[in-house]
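The values are calculated or read from the model by the stated rules, or taken from the named source; none is laboratory data. Computed from a predicted model, the values in this text were never measured in an experiment. Areas reflect the complete protein model, heavy atoms only, side chains present, ligands, DNA and RNA absent. Shrake-Rupley method; radii C 1.70, N 1.55, O 1.52, S 1.80 Å.
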Amino acid sequence: MPRVSGFTNAIQYGGIAMYLGFATLALALLGGRSKRQTMALGLLGACGIYASFLSDSRGSWVVIPLLVAAIWLMTWLNGYKRLASLAAGCMLLLGLIVAVPAYQKLEQRSSEATREISQYLQDPQKYAVTSVGQRLEQWRLAIHLIEQRPLTGWGLAGYPAAKQQMVDQGLAHPSVMEYGHAHNEILDMWVKRGLLGLILLLLFYAVPAAIFWPTKSRIARVNAEQRSKLLALRAAATLLPLAYFGFGWTQVFFAHNSGNMFYIFSLAVLWGGICRLESQAAPAPQS
């Protein structure tokens, strides 16, 4: 197989696999579980990251530093400073180990991206058909159209019509009409639905992240024995909107059924798990 796709879009598959990998690693490293459980979860998390590498989804690879930094920060702010450094180090080491079998593929795709950027900058009209060149061309058009209608946007029908007009005038490569989105979640929402749509999209990321974020007061809702598990679960949940925000810079995840379904149902499942754990492990009231 040229790239693993999991019976869906390879880019979507790679992003979802990357999130699942890091979420599982968070559960393994922060959950205070037995050595056997930690090793099993660590292996499963590595499988998720490796699946993402095999998907050739470069947009998911660039999110790795964000996810590692988020896990470190959430652990550090809750007073687990040694654990934060240990977890970040383990994830980086594991990432390197997992990347070794796919080294040639990673090097090839990275070199290809660098070459396509250089080619597009030299001759946009000629190299807009490449993978990276297509994204750069879509971003250029979206920014140009946003400048004309920053508040109201162009609408679902107006956006492709405006792109077609630019193609007819020779201002854009005809290949941009092959995609109905701007290959960037933020630009796509802004150019179609205006400033209000952009604000709502950002809230779609920010509200779950704010609700899931493991503050000290939230972790203190459970007894001492269960706090590490709650920290791990809240950390894994917080990674979801952060990961989607990062994936959205090179792909419109919410333009695909897999992106919508996984995000919506994961929010519900993760929140249900948090509520269940907090209700079962609430500290006894003081008399």
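On the protein heavy atoms, probe 1.4 angstrom, tell me the percent of accessible surface of the chain carried by carbon and sulfur.
Here carbon and sulfur together make up 66 percent of the probe-accessible area.
Would you kindly derive the ³J(HN,Hα) couplings of segment 54-65 from the backbone phi angles with the Karplus curve 6.51 cos²θ - 1.76 cosθ + 1.60 (θ = phi - 60°), listing them in order in whole Hz, with x for Gly and Pro?
Taking θ as phi minus 60°, the curve returns 5, 7, 6, 8, 5, x, 7, 5, 6, 7, 3, x Hz for segment 54-65.
Roughly how many Å² is the accessible area per residue of segment 207-287, as a whole number, for a 1.4 Å probe? Working shown, then result.
Details: 3900 Å² over 81 residues.
Per-residue value: 48 Å².
Quick query: amide H of His183 versus all other amide H atoms, modeled in the peptide plane; which residues come in under 5 Å with a sequence gap of 5 or more or a different chain?
Sorted by chain and number, the residues that satisfy this are Val252.
Which whole-Hz ³J(HN,Hα) couplings does segment 133-143 yield from phi under the Karplus relation 6.51 cos²θ - 1.76 cosθ + 1.60, θ = phi - 60°, glycine and proline marked x?
With coefficients 6.51, -1.76 and 1.60, one gets x, 5, 5, 4, 5, 5, 5, 4, 5, 4, 4 Hz.
For Gly248, list long-range residues whose amide hydrogen, built 1.01 Å from N in the peptide plane, is under 5 Å from its own amide hydrogen.
For Gly248, whose amide H was placed from the backbone, there are no distant partners under 5 Å.
Averaging the inverse of every distinct alpha carbon separation and then flipping it gives the Kirkwood radius. What is it for segment 132-287, in angstrom units?
Result for segment 132-287, one decimal place: 17.8 Å.
Hand me the tally of lysine pairs in the chain: alpha carbons under 28 angstrom apart, and the pair either on different chains or 8 or more positions apart.
10
Report, in deg cm²/dmol and to the nearest 500, the calculated mean residue ellipticity at 222 nm for the chain, where each DSSP H run with n ≥ 4 adds -39500 (n - 2.57) and the sum is divided by the residue count.
For the chain, the value works out to -24500 deg cm²/dmol.
Evaluate the relative contact order of segment 93-218 (contact order divided by residue number), counting alpha-carbon pairs under 8 angstrom at least 6 apart; express in whole percent.
Rounded, it is 23 percent for segment 93-218.
Provide the per residue accessible area, probe 1.4 Å, for segment 28-176, rounded to a whole number of square angstrom.
That works out to 54 Å² for each residue.
With the cut-off at 1.5 for a/c, could you classify segment 1-152 from its C-alpha gyration tensor as rounded, prolate or oblate?
Judged from the Cα gyration tensor, segment 1-152 comes out prolate (a/c at least 1.5, a/b above b/c).
Can you tell me the orientation of helix 227-247 relative to the chain, as the angle in degrees between its alpha-carbon axis and the longest Cα principal axis, to the nearest 10?
That works out to roughly 0 degrees.
Tell me, how many Å apart are the Cα centres for segment 1-62 and for segment 221-260?
Going from one Cα centre to the other spans 13 Å.
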